[in-house]
Amino acid sequence: MKLKAYSLLELMIAIFLSGIVVSAVYSGYVFTHKQFFKFSSIKTEIRSYFELAEVLNREFETSKKIVKKDDRTIEFEMIGRTINYSFDDNFIVRTFNEKVDTFFFEINGVEINSFEVEEEAFVDHMVLTIKEDQQLSLYKSYGAIVKLEK
């Protein structure tokens, strides 16, 4: 009776080919995994940008007045509350009732236009440049009484 079996050469070729297939699948998995995390970080950054834009727009619209404290700090005065913003080169800090929110962005420029009323600098226009090409422009229109006091 003759025994049928694989030769050593056939087994080595099978192991070699399966190694190539496994390494190709693993490389594809690693590439996909890296792309997923890259996409996830970009998505998080975009979400944070739109969240910051929404919060700043809402607070610009609903505030009674916005006071410029210095070149990189503003204060929103609303009915019954005050919100402070500090703009650093790498992040934005929002302080409200001892709660601190931090938005991590590379800030290239903060342009705060203001006018003086009774020794306070009221902000009427602000341009925030994030990274190199993203600009967030915010405008505040005050009532006629504030303009007349000017």
*Return yes when residue 94 is under 26 Å from residue 45 (Cα atoms) and out of contact with any strand residue (DSSP E or B) (no Cβ under 8 Å at 6 or more places or on another chain) and no when it is not.*
no
*Positions within segment 62-72 being surrounded by fewer than 15 Cβ atoms within 10 Å (Cβ to Cβ) and either small (Gly, Ala, Ser) or in a helix (DSSP H, G or I) (or both), in sequence order*: 62
*Considering (1) modelled with pLDDT under 90; (2) in contact with a helix residue (DSSP H, G or I) (Cβ under 8 Å, 6 or more places away or on another chain), say which one residue 114 fails and leave the rest.*
(2)
*asked:* Being loosely packed, with under 12 Cβ neighbours inside 10 Å, at pLDDT below 95 and not in a helix (DSSP H, G or I) narrows it down to one residue among 2, 43; which is it?
replied: 2
_Set 75, 59: member being without any contact (Cβ under 8 Å) to a residue 60 or more places away in the chain, surrounded by 10 or more Cβ atoms within 10 Å (Cβ to Cβ), assigned to a helix (DSSP H, G or I) and among the acidic types (Asp, Glu)_ = 59
*Go through 141, 137, 86 for me and flag whichever is at pLDDT 85 or above, exposed (fewer than 12 other Cβ atoms within 10 Å of the Cβ) and of a type in the set (S, T, N, Q).*
137
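The values are calculated or read from the model by the stated rules, or taken from the named source; none is laboratory data. Since the model is a prediction, treat every value here as computed from it, not as a measurement. A quick note on method: Cβ atoms are made from the backbone with ideal geometry, for glycine too, and the neighbour counts reach across all protein chains shown.
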